[in-house]
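Visitor: This is the structure I have questions about; it appears just below.
The values are calculated or read from the model by the stated rules, or taken from the named source; none is laboratory data. What you see is a predicted model, and the numbers here were worked out from it, not measured in a lab. Please note: Cβ atoms are built from the backbone with ideal geometry, for glycine as well, and neighbour counts cover all protein chains shown.
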Amino acid sequence: MKPLILDHLPDGLLDRDAASLNEIIDGPTLIHLPGRRPQPLFVAVLQHGNEVSGWDAVRRLLKSRYQRDPLPRSLILFIGNVRAAARNRRHLADQPDFNRCWPGSDSVPTIWHDIFAEVTEHVRLRKPFASIDIHNNTGLNPHYAAVNRIEPRRLNLAARFSRTVIYFTEPRGVQSMAFGEFCPALTLECGLSGQADGSDHALAYLDAILSLSEIPDSMPTPEDLELYSMFATVTVPEEVEFSFTGADGISQLLLPADLDRMNFRELPPGTRLASVPTEPELLLRARSHDGHDLSEDCFMLEKGQILTRRPLMPAMLTTDEFVVRNDCLCYLMERVSVEPDQALAIDRGEESGLPETLP
Ligand SMILES: [Zn+2]
């Protein structure tokens, strides 16, 4: 299979919602649209089929005044997983997660890796202005931008979307990491899929970036940017029975039903995360991105409760049992200084990527 590459919008495409795009295109598609400035902005939507804010933003943008007027800048639109979108799924059972298959991936090679390598090479040759990959997530999260390098131009772009910016370093094979090799690349997380504020925000952002003539090459000030670095992933061990309500009576690990209210809150040491009624054991695992077990460093056990041991800020906490079982409970972040000398020293170079929970 090859990516479909078009130089125009197919008839009726903008009238389709994410779930019916597959009536017109049947696989990953690149669409080149000309604008006044030739250096193109690359925008990716629907890498995950059930995350529709990006497509909703793009179709609204292109149906706005740009049906008459030229775009201020050329656009390369990438539409990802339309088959999964038709089923409102992140990906189908016979597909990998698309956003783990881009160059730099360490997953088992598939036909999708070849397709995304071809897309990457095609876009690289066109020297894009920037790359923006639009997603949604589960749980109560603010909208935020994420970067894979601590570098002025991408932090400038990110801070225009949200003051909160996250620097991720795992997993490999995400689109923004692959494109970050040749242009400022970021990921937008637009809250819950299908809610108007997510596509409103992405729409306003895309319109603003398309109109930008250049990207400042200086670090944003602390007033404009709060940068957090993801340092660990929290999981529930496979053999542990858990629940968010405790109603089944057999769970070893009880998690509060409103746990996701702690998302993006800096938790002081001693904050209760869960209880372990039957066994005095830390049944949460925190693993650093280089594979170290940080559980004892992050959590402590006190009278059947799992408490935080150090200041932490969780992100992408989910109360969806499927996501916890198949991906993770949350990520842990710590604040990074954006004073120029210090921030750049924390950058982990090529070892970078974007984690995201499985909706
Ligand atoms: Zn996603």
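Visitor: May I ask you to list the residues in region 63-75 that are in contact with a helix residue (DSSP H, G or I) (Cβ under 6 Å, 6 or more places away or on another chain) and within 22 Å of residue 119 (Cα to Cα)?
Guide: 73 - this is the single residue of region 63-75 that is in contact with a helix residue (DSSP H, G or I) (Cβ under 6 Å, 6 or more places away or on another chain) and within 22 Å of residue 119 (Cα to Cα).
Visitor: Just one of 258, 224, 200, 217 is within 19 Å of the chain's Cα centre (by Cα) and acidic (Asp, Glu); which is it? First the steps, then the outcome.
Guide: Values: 258 fails: within 19 Å of the chain's Cα centre (by Cα); 224 fails: within 19 Å of the chain's Cα centre (by Cα); 217 fails: within 19 Å of the chain's Cα centre (by Cα).
That would be 200, the only listed residue that is within 19 Å of the chain's Cα centre (by Cα) and acidic (Asp, Glu).
Visitor: Do you know which of the residues in region 30-53 that are β-branched (Val, Ile, Thr) and within 16 Å of the ligand (Cβ to nearest atom) is farthest from residue 120 (Cα to Cα)? If you could, list the steps in order and put the result at the bottom.
Guide: As a first pass, look at region 30-53 and keep what is β-branched (Val, Ile, Thr): 31, 43, 45, 52.
This time we only want the ones that are within 16 Å of the ligand (Cβ to nearest atom), so: 43, 45, 52.
Details: 43: 12, 45: 15, 52: 22 Å.
By that ranking, first place goes to 52.
Visitor: Tell me, which strands (runs of 3 or more DSSP E) lie completely within region 266-317 with 3 or more residues that are closer than 24 Å to residue 336 by Cβ? Walk me through it before giving the result.
Guide: Details: elements: 272-275, 285-288, 299-302, 305-308, 313-315.
Ranges flagged: 285-288, 313-315.
Visitor: Shifting gears a bit: Name the residues in region 4-34 that are within 26 Å of residue 129 (Cβ to Cβ) and surrounded by 18 or more Cβ atoms within 10 Å (Cβ to Cβ), would you?
Guide: If the condition is that a residue be within 26 Å of residue 129 (Cβ to Cβ) and surrounded by 18 or more Cβ atoms within 10 Å (Cβ to Cβ), then 13, 18, 21, 28, 29, 30, 31, 33 are the ones that fit.
Visitor: Now a separate question. Out of (1) away from the ligand (no atom under 16 Å from the Cβ); (2) surrounded by 17 or more Cβ atoms within 10 Å (Cβ to Cβ); (3) among the hydroxyl-bearing types (Ser, Thr, Tyr), what's the single condition that is false for residue 66?
Guide: So the condition that residue 66 fails would be (2).
Visitor: Output the number of the condition that residue 77 fails; it satisfies all remaining conditions of (1) closer than 17 Å to residue 175 by Cα; (2) out of contact with any Pro (no Cβ under 7 Å at 6 or more places or on another chain); (3) within 15 Å of the ligand (Cβ to nearest atom).
Guide: Here residue 77 clears every test but (3).
Visitor: How many of the residues in region 196-208 are buried (at least 17 other Cβ atoms within 10 Å of the Cβ) and acidic (Asp, Glu)?
Guide: Start the filter on region 196-208 by keeping residues that are buried (at least 17 other Cβ atoms within 10 Å of the Cβ), which leaves 198-199, 201-203, 205-207.
Cutting the leftovers down to acidic (Asp, Glu) gives us 207.
The number of residues fulfilling the criteria is 1.
Visitor: Same structure, new question: Report yes if some residue within region 160-169 is part of a strand (DSSP E or B), touching a residue at least 24 places away in the same chain (Cβ under 8 Å) and in contact with a helix residue (DSSP H, G or I) (Cβ under 6 Å, 6 or more places away or on another chain); otherwise report no.
Guide: Quick first cut of region 160-169, residues part of a strand (DSSP E or B) only: 164-167, 169.
Of the ones still in play, those that are also touching a residue at least 24 places away in the same chain (Cβ under 8 Å) are 164-167, 169.
Those left that are additionally in contact with a helix residue (DSSP H, G or I) (Cβ under 6 Å, 6 or more places away or on another chain): 165.
Yes, there is a match, as at least one residue in region 160-169 is part of a strand (DSSP E or B), touching a residue at least 24 places away in the same chain (Cβ under 8 Å) and in contact with a helix residue (DSSP H, G or I) (Cβ under 6 Å, 6 or more places away or on another chain).
Visitor: I would also like to ask the following. I'd like to check something: does region 326-348 contain any residue that is modelled with pLDDT under 90, within 16 Å of the ligand (Cβ to nearest atom) and buried (at least 17 other Cβ atoms within 10 Å of the Cβ)? Steps first, answer last, please.
Guide: From region 326-348, those modelled with pLDDT under 90 are 326-327, 334-348; that's our starting set.
Adding the requirement that they be within 16 Å of the ligand (Cβ to nearest atom) leaves 326-327.
Narrowing further to those that are buried (at least 17 other Cβ atoms within 10 Å of the Cβ): 327.
For region 326-348, residues modelled with pLDDT under 90, within 16 Å of the ligand (Cβ to nearest atom) and buried (at least 17 other Cβ atoms within 10 Å of the Cβ): present.
Visitor: For residue 133, state whether it is within 15 Å of the ligand (Cβ to nearest atom) and among the acidic types (Asp, Glu). Give the steps one after another, and end with the answer.
Guide: Working: within 15 Å of the ligand (Cβ to nearest atom): yes; among the acidic types (Asp, Glu): yes.
Answer is yes for this residue.
Visitor: Of the residues 140, 125, only one is away from the ligand (no atom under 16 Å from the Cβ) and within 21 Å of residue 317 (Cα to Cα); which?
Guide: On the way: 125 fails: within 21 Å of residue 317 (Cα to Cα).
One residue alone meets the criteria, 140.
Visitor: Every residue in region 89-100 that is away from the ligand (no atom under 13 Å from the Cβ) and either crowded, with 17+ Cβ neighbours inside 10 Å or over 19 Å from residue 22 (Cβ atoms) (or both), please.
Guide: Of region 89-100, the ones away from the ligand (no atom under 13 Å from the Cβ) are 92-96.
Result: 95, 96.
Visitor: Can you find a residue in region 152-169 that is β-branched (Val, Ile, Thr) and either closer than 22 Å to residue 28 by Cβ or within 13 Å of the ligand (Cβ to nearest atom) (or both)?
Guide: Filtering region 152-169 down to residues β-branched (Val, Ile, Thr) leaves 164-166, 169.
Narrowing further to those that are either closer than 22 Å to residue 28 by Cβ or within 13 Å of the ligand (Cβ to nearest atom) (or both): none.
Scanning region 152-169 turns up no residue that is β-branched (Val, Ile, Thr) and either closer than 22 Å to residue 28 by Cβ or within 13 Å of the ligand (Cβ to nearest atom) (or both).
Visitor: Pairs needed: first member in region 132-150, over 15 Å from residue 167 (Cα atoms) and of a type in the set (Val, Ile, Thr); second member anywhere, modelled with pLDDT under 95 and more than 10 Å from the ligand (Cβ to nearest atom); C-beta distance under 8 Å; at least 6 residues apart or different chains.
Guide: 138/192; 138/316; 138/318; 138/320; 138/323
Visitor: Within region 70-96, track down each residue that is in contact with a Ser or Thr (Cβ under 7 Å, 6 or more places away or on another chain) and assigned to a loop (DSSP other than H, G, I, E, B).
Guide: The one that is in contact with a Ser or Thr (Cβ under 7 Å, 6 or more places away or on another chain) and assigned to a loop (DSSP other than H, G, I, E, B): 96.
Visitor: Consider only pairs whose beta carbons are under 6 Å apart and that are at least six residues apart or on different chains; among these, list those whose first residue lies in region 15-34 and is without any contact (Cβ under 8 Å) to a residue 40 or more places away in the chain and whose second residue is of a type outside the set (Ser, Thr, Tyr).
Guide: So the pair list comes out as 24/10; 24/13.
Visitor: Quick check on region 209-230. Is at least one of its residues surrounded by fewer than 23 Cβ atoms within 10 Å (Cβ to Cβ), within 25 Å of residue 306 (Cβ to Cβ) and of a type outside the set (A, V, I, L, M, F, W, C)?
Guide: Yes, there is a match, as at least one residue in region 209-230 is surrounded by fewer than 23 Cβ atoms within 10 Å (Cβ to Cβ), within 25 Å of residue 306 (Cβ to Cβ) and of a type outside the set (A, V, I, L, M, F, W, C).
Visitor: Condition check: within 16 Å of the ligand (Cβ to nearest atom), of a type outside the set (D, E, K, R) and without any contact (Cβ under 8 Å) to a residue 60 or more places away in the chain. Does residue 109 satisfy that? Reasoning before the result, please.
Guide: On the way: within 16 Å of the ligand (Cβ to nearest atom): no; of a type outside the set (D, E, K, R): yes; without any contact (Cβ under 8 Å) to a residue 60 or more places away in the chain: yes.
No; evaluated as a whole, the condition is false for this residue.
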